[in-house]
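Novice: Dumping the structure here so I can ask a few things about it.
The values are calculated or read from the model by the stated rules, or taken from the named source; none is laboratory data. Remember, predicted model here, so these are calculated numbers, not experimental data. Glycine also receives a Cβ, built like all others from the backbone with ideal geometry; neighbour counts cover every protein chain displayed.
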Amino acid sequence: MIAALTLLLVFQLAGEVIARALALPIPGPVIGMALLFLALLIRGGPGEELRQTSGQLLQHLSLLFVPAGTGIVIYGDRIAAEWLPLLVALFLSTFLALAVTALVLKALTHRRTKPTTEAGR
Amino acid sequence: MNPNLEEIWVYLSTSPLLGLTLTLLAYQAAFWIYKRVGFHPLANPVLISVAILACLLLATGTPYQRYFDGAQFVHFLLGPATVALAIPLHAQWPRLKSMAGPLLIALVAGSLTAALSAWGIGALLGGSRESLMSLAPKSVTTPIAMGVAERIGGLPSLTAVLVISAGIIGAVFGRGVMRRLNVSDHAVHGFAIGIASHGIGTARAFQVSEQAGAFAALAMGLNGLITAVSLPWIMPWVERLFAG
């Protein structure tokens, strides 16, 4: 687990350094993800330890958003003053983005590939 | 309060231990509820955890910054978790490659819809300029959205809250929207939720299936990429177009 975590941090660090050195607007971790993806393509896949550690980390990805989400307490006043545009824009725009992406992708892939569905919960 | 308890409270309220432990406890409680209701999307664990913690902070008068001093240890793990998304992405690579063209077109359509509709709907309803510019990047992952908001005249920390709200909305209602649109392909489902609801949508997509999760991770990364590059020059142009 420690070796896998170290590897993830090394890739994140490399991503941060590249983002800053080249003044890219993309966050370091996203570049780190791309770099690790390339490394996996070259190596042919992750080792067992990396697969397990990343599986555990991603299984509770939701938890990692809780501290930033709690920041809502700072914006009580603005949200109270502008709740209508903020709320309606958030809901409608999220639904529109979901629908447009899904419909475009569905229309373009419909005849070419057979959808595979797995049992979800 | 008995003086002894008061001393304990003074210690706890200044130590990072309390913020960190409360975050994990709130999440455990939220996840327990989520499991009890059979993983019903309305009982989204991020939503419930944030509600518990926000109530606690407001009730005890604790400043957010003091809470975050402890909670930042959890927040920090977002970085390595983002890097770890490369592993499911790699596992789905053959399917991703076979769909490259359609994915790119859907990416551009979805990304523009997410940013422009948020701005437009907010503008129609009389939102302030700062709020509108904080809304525009709401569908991309928090660090990118905050950077974009800063460059186009929004408030980065308000953006963080809006991003997380958009994530929760997509995670809660995404499956319902997909069912209504007759989408049964997990790849399409995952990609759409990753475009609209970034990491929180991706977390939810992984609960649907690994394939949905991998496509969501890809969508989140690509949407972050093109939003970071395109919004700083699209938004001033959009504003000028509608200002007159």
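Novice: Of all residues in segment B:23-36, which are at pLDDT 95 or above, buried (at least 19 other Cβ atoms within 10 Å of the Cβ) and more than 8 Å from chain A (Cβ to nearest Cβ)?
Specialist: Passing the criteria: only B:A30.
Novice: Only residues that are within 7 Å of chain A (Cβ to nearest Cβ), in contact (Cβ under 8 Å) with a residue 24 or more places away in the chain and over 16 Å from A:L98 (Cα atoms): list them for segment B:114-142, please.
Specialist: B:S131, B:L135, B:T142
Novice: Can you pull out the residues in segment A:35-51 that are exposed (fewer than 14 other Cβ atoms within 10 Å of the Cβ), more than 10 Å from chain B (Cβ to nearest Cβ) and not aliphatic (A, V, I, L, M)?
Specialist: If the condition is that a residue be exposed (fewer than 14 other Cβ atoms within 10 Å of the Cβ), more than 10 Å from chain B (Cβ to nearest Cβ) and not aliphatic (A, V, I, L, M), then A:G47, A:E48 are the ones that fit.
Novice: Which residues, counting only those in segment B:10-48, are closer than 18 Å to B:Y64 by Cβ and free of Cβ contacts under 8 Å to residues at least 40 places away in the same chain?
Specialist: B:L12, B:L25, B:A26, B:Y27
The rows are residues; the columns are (1) touching a Gly at 6+ places or on another chain (Cβ under 8 Å); (2) more than 8 Å from every other protein chain (Cβ to nearest Cβ); (3) surrounded by fewer than 16 Cβ atoms within 10 Å (Cβ to Cβ); (4) part of a helix (DSSP H, G or I).
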residue	(1), (2), (3), (4)
A:A23	no, yes, yes, no
A:M33	yes, no, no, yes
A:T53	no, no, no, yes
A:Q56	no, yes, yes, yes
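Novice: Can you tell me which of (1) within 19 Å of A:G69 (Cα to Cα); (2) among the hydrophobic types (A, V, I, L, M, F, W, C); (3) buried (at least 23 other Cβ atoms within 10 Å of the Cβ) is the one B:A192 doesn't meet?
Specialist: For B:A192, the exception is condition (1).
Novice: How many residues, within segment B:82-111, are in contact (Cβ under 8 Å) with a residue 60 or more places away in the chain and crowded, with 19+ Cβ neighbours inside 10 Å?
Specialist: 11
Novice: Oh, and also: How about segment B:195-214: which of its residues are crowded, with 24+ Cβ neighbours inside 10 Å and charged (D, E, K, R)?
Specialist: B:R204, the sole residue that qualifies.
Novice: Which one of B:I121, B:I144 is modelled with pLDDT under 95, in the same structural domain as B:T227 (by TED's automatic domain parsing) and either in a helix (DSSP H, G or I) or closer than 14 Å to B:A228 by Cβ (or both)?
Specialist: B:I144
Novice: Working only within segment B:61-78, note down all residues that are facing chain A (nearest Cβ under 7 Å) and over 24 Å from A:L8 (Cβ atoms).
Specialist: B:Y64, B:Y67
Novice: Being surrounded by 21 or more Cβ atoms within 10 Å (Cβ to Cβ), within 9 Å of chain A (Cβ to nearest Cβ) and acidic (D, E), is that true of even one residue in segment B:175-185?
Specialist: Yes, segment B:175-185 has at least one match.
Novice: Another question, if that's okay. For segment B:148-156, state whether one or more residues are within 7 Å of chain A (Cβ to nearest Cβ) and either in contact with a helix residue (DSSP H, G or I) (Cβ under 9 Å, 6 or more places away or on another chain) or of a type in the set (D, E, K, R) (or both).
Specialist: no
Novice: Can I ask one more? With respect to the numbered conditions (1) modelled with pLDDT under 90; (2) closer than 24 Å to A:T53 by Cα; (3) outside the structural domain of B:P143 (by TED's automatic domain parsing); (4) touching a Phe, Trp or Tyr at 6+ places or on another chain (Cβ under 8 Å), which one is the sole condition not fulfilled by B:F39?
Specialist: (4)
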